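The values are calculated or read from the model by the stated rules, or taken from the named source; none is laboratory data. Quantities reported herein were computed from a predicted structural model and do not represent experimental measurements. Note: ideal-geometry Cβ built from the backbone for every residue, glycine included; neighbour counts use all protein chains shown.
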Amino acid sequence: MLLFFLNCSVRKAQTILTLLIVLTFMACHKDKTLPPGSCFTTISYTTDITPIIQSSCIPCHDAWITEYSNIVDYINNDSWQNAIWGSYTMPQMPNSFGIDSLTSDEVQIMKCWVEQGFPEN
């Protein structure tokens, strides 16, 4: 490639180099999941967290997990964090309840909610 540039006019080499740079940036895409520690949206317990709990947690943990105060106890002793994104043991796979693993977006929503002080909103 260096020989190609040596045989070209400076103007042509600049044009080709500029085109390569533009194509390189166009080929990049933004990852859709937020990096850890980056929460740009306020997470709502009612709107965001409760639906995840209802679809992914209640079948195994019964109704106790729907109580905000019970979840706060688990967050305060780090059990929630360890189970969901630490050792990633919840929900247990495989299981007989037909529950899939939490998506990376669901895990990120949980992380953001905890980072925001897990408000009951």
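If you filter the stretch 76-87 down to residues that are over 19 Å from Asp62 (Cβ atoms) and touching a helix residue (DSSP H, G or I) at 6+ places or on another chain (Cβ under 7 Å), you find that the one that is modelled with the lowest pLDDT is Trp85. So, in the stretch 37-52, how many residues would count as being at pLDDT below 90 and either surrounded by 12 or more Cβ atoms within 10 Å (Cβ to Cβ) or touching a helix residue (DSSP H, G or I) at 6+ places or on another chain (Cβ under 6 Å) (or both)? Of the residues in the stretch 37-52, 1 are at pLDDT below 90 and either surrounded by 12 or more Cβ atoms within 10 Å (Cβ to Cβ) or touching a helix residue (DSSP H, G or I) at 6+ places or on another chain (Cβ under 6 Å) (or both).
For the residues Met90, Met110, the requirement of being at pLDDT 90 or above and either surrounded by 16 or more Cβ atoms within 10 Å (Cβ to Cβ) or within 19 Å of the chain's Cα centre (by Cα) (or both) singles out Met110.
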